[in-house]
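Below you'll find the structure, written out as structure tokens, and then a few comments.
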Amino acid sequence: MINRYSLCFQPDDATIEIVRQMKLQLADHIGWYNSKNSLAHMTISKFQTDSIGVNKIAQLVRQQCSTFTPTQVLFNDYGQYPNGAFFLAVDKEDQVTLKEYAKKVMSKVSLPDVYKSNEPHMSIARKLEPIKLQQALVFFEKPAISFMCDKVALRQFNPERRQYDIIDIFPFLGMPSNEAEQLSLF
């Protein structure tokens with residue numbers, strides 16, 4: 001059976017609670033919106049596969065994540081996308097490490113029709129109408145939220161709840177990589 005999955009950088013419990021409170025405050029201000037009930041996360045990718053495929057991917061991603069070193073992530077601004085997304089934006093310097101980690105994780109996921117996120121961010125709302133998006137952009141004060149990013153989560157879509165459930169966690173252990181790296185002469 002084919003299921004929908006996602007890989008994401010998973011924040012700590014304190015950050016999840018901060019974002020949950022922000023989502024509730026925004027809902028009180030503008031009304032219900034998409035992603036209101038979604039657990040805070042930073043999507044790396046979304047894909048579909050069967051149980052054999054997801055188990056192989058999990059094994060490869062676990063091995064890759066074990067070579068990552070935990071890294072501090074700062075959200076210091078808000079952003080928007082034309083599709084009505086409103087999100088916490090990652091500091092430009094912190095984006096470099098997250099993009100590199102995401103690239104390495106995605107090198108292990110070789111499936112057709114994989115969605116890859118190109119810019120690390122934490123969604124607060126999706127599919128907002130333009131007026132509600134403008135209200136969201138001015139509702140909150142400038143953020144200063146940080147956490148130690150130390151894991152990637154594998155999530156499976158739950159059609160009954162219409163949300164993703166975490167089914168596995170891949171910690172960053174800072175272990176040496178077994179992969180041969182290309183050496184440069186200069």
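The values are calculated or read from the model by the stated rules, or taken from the named source; none is laboratory data. Just so you know, these numbers come straight off a predicted model, no measurement behind them. We place every Cβ from the backbone using ideal geometry, glycine too, and count neighbours over all the protein chains shown. Keep in mind that these areas ignore ligands, DNA and RNA; they rest on the heavy atoms of the full protein, side chains included. Shrake-Rupley method; radii C 1.70, N 1.55, O 1.52, S 1.80 Å.
Key figures for this structure:
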item: Subset of segment 74-100 (residues that are open to solvent by 30 Å² or more (accessible area, probe 1.4 Å) and touching a helix residue (DSSP H, G or I) at 6+ places or on another chain (Cβ under 8 Å)); result: Leu74, Tyr78, Gln80
item: Strands (runs of 3 or more DSSP E) within segment 21-129 that include 3 or more residues farther than 23 Å from Gln156 by Cβ and of a type in the set (S, T, N, Q); result: 71-80
item: Matching entry among Leu154, Leu133 (being among the hydrophobic types (A, V, I, L, M, F, W, C) and either assigned to a helix (DSSP H, G or I) or touching a Gly at 6+ places or on another chain (Cβ under 8 Å) (or both)); result: Leu133
item: Extreme residue, nearest to the chain's Cα centre (by Cα), among residues of segment 157-177 that are assigned to a loop (DSSP other than H, G, I, E, B) and without any contact (Cβ under 8 Å) to a residue 60 or more places away in the chain; result: Arg162
item: Set Ala40, Ala58, Ala27, Ala14: member being over 18 Å from Ala125 (Cα atoms) and either at pLDDT below 95 or surrounded by 14 or more Cβ atoms within 10 Å (Cβ to Cβ) (or both); result: Ala58
item: Residue among Pro70, Pro120, Pro130 that alone is open to solvent by less than 30 Å² (accessible area, probe 1.4 Å) and touching a residue at least 40 places away in the same chain (Cβ under 8 Å); result: Pro120
